[in-house]
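Some notes on the structure that comes next.
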Amino acid sequence: MEYPLDLTIIIPLFNEKESLPELVEWIRKVVRAEGWRYEIIMVDDGSSDGSWDTVKELAEKDSCIHGIQFRRNYGKSAALYLGFKEACGRVVVTMDADLQDSPEEIPEMFRMVTEEGWDIVSGWKKHRKDNTLTKNLPSKLYNATARWITGIHLHDMNCGLKAYRNEVVKNVEVYGEMHRYIPYLAKNAGFDRITEKPVHHQKRKYGKSKFGIERFVNGFLDLLSLWFLSTFGKKPMHFFGFTGILMFLAGFIITVMLIIAKLAHQAAGTHFRQVTDQPLFYLALLAVILGAMLFLTGFVCEMVSRSAPERNKYNIREEF
């Protein structure tokens, strides 16, 4: 497929006024040295520091710069979603606006996509310039969990500097705070050629970080949601129905065993407790009720899934 441009660079930004001119000049120096046809899409995520005025000033001087401004802060995923939608380049690169991602990494990442055939090349901030206690350790734990759940062996899943084939960004839907898991979304869409490249991580020059420790907790919860949806989204009965049957059978078997034990003791003339006097009976009854509810939940989810407009949406690699 022919693309009108070689490269699209998407830059989500939120209150990064000071860094934008320097970043654009740095990008321009790198891409012009390569002779690429390029565009820079800057998505202002509801900044309040005048960042949008800076974007407009930069665009007036360079026709390769395009800007999108949100009326309020929607988050990085929303910014990337619109950027992906507008991207026209053969290779799409995402990077943060805080000057911590180096544009000098783009040529090699571009080559890895175009010449080596990777779908995604993810940056790996091997030597971080952040505070060890609040960033490094939580980041390592978070990425270890992400590797275990997703099966994608990236050291830095959340790195903002990534390069994609255009086809990848057109076939993934980024929403909520799922920008952290674009490689996993891509893998679920059939784009499984994913690798990483160690990149230079720079110390923040202007402003302060927009992310706190809570992003790791939210990220873990998002990861569980994404794993569940990707695994059982089109076959919910396989989870709810199976779990419900197990609980129902466990409760039913325990109840039957309690009744048989009572009858056996009664027949032998030995002391016995009434079934309804035993706490285990009520736990078994609870398991039966919960099992039935889970099974019915599976039926309802199946009905919703079968009515979904994208139930038969499949990504085709090649057709002739």
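The values are calculated or read from the model by the stated rules, or taken from the named source; none is laboratory data. Only a predicted model underlies this, so the values are computations on that prediction, with no experimental measurement involved. Counting neighbours? That spans all protein chains shown, and the Cβs are built from the backbone with ideal geometry, glycine included. Protein only, heavy atoms only, side chains kept; ligands, DNA and RNA dropped before computing areas. Shrake-Rupley method; radii C 1.70, N 1.55, O 1.52, S 1.80 Å.
With a threshold of 26 Å on the Cα-Cα distance, the over-threshold entries among Lys56/Lys125; Lys29/Lys125; Lys85/Lys140 are Lys56/Lys125; Lys85/Lys140. For the chain, take the longest principal axis of its alpha carbons; what is the angle in degrees between that and the long axis of helix 20-34, to the nearest 10 within 0 to 90? Result, in degrees: 80. Listed by chain and number, the aspartates and glutamates whose alpha-carbon sits under 16 Å from that of Lys197, ignoring those within fewer than 8 places in the same chain, are Asp101, Glu104, Glu105, Glu108, Glu115, Glu116, Asp119, Asp156. For segment 147-186, the ratio of Cα radius of gyration to the globular rule of thumb 2.2 N^0.38 Å stands at 1.14. Its DSSP H runs of at least 4 residues, each contributing -39,500 (n - 2.57), put the calculated 222 nm mean residue ellipticity of the chain at -15500 deg cm²/dmol, to the nearest 500. When Cα extents along the principal axes in Å is calculated for this entry, the matching label among (i) 66, 57, 37; (ii) 97, 54, 37; (iii) 53, 42, 40 is (ii). Helix 137-150 axis versus longest C-alpha principal axis of the chain: approximately 70°, rounded to the nearest ten. What FRET efficiency comes out for Ile245 versus Ala268 if R0 is 35 angstrom and r is the Cβ-Cβ distance? Round to the nearest 0.05. Between Ile245 and Ala268 the formula returns 0.55.
Among the protein heavy atoms, those of His66 account for about 80 Å² of accessible surface (1.4 Å probe, every chain in place). From the Cα gyration tensor of segment 5-49, with a ≥ b ≥ c the square roots of its eigenvalues, which class applies: rounded if a/c is under 1.5, or else prolate if a/b is larger than b/c, or else oblate? Judged from the Cα gyration tensor, segment 5-49 comes out oblate (a/c at least 1.5, b/c at or above a/b). The angle separating the long axis of helix 214-232 from the principal Cα axis of greatest extent in the chain is about 70 degrees.
Of the residues Leu13, Ile259, Phe232, the one whose Cα sits farthest toward the positive end of the charge dipole of the chain, with +1 on the Cβ of Lys and Arg and -1 on the Cβ of Asp and Glu, is Ile259.
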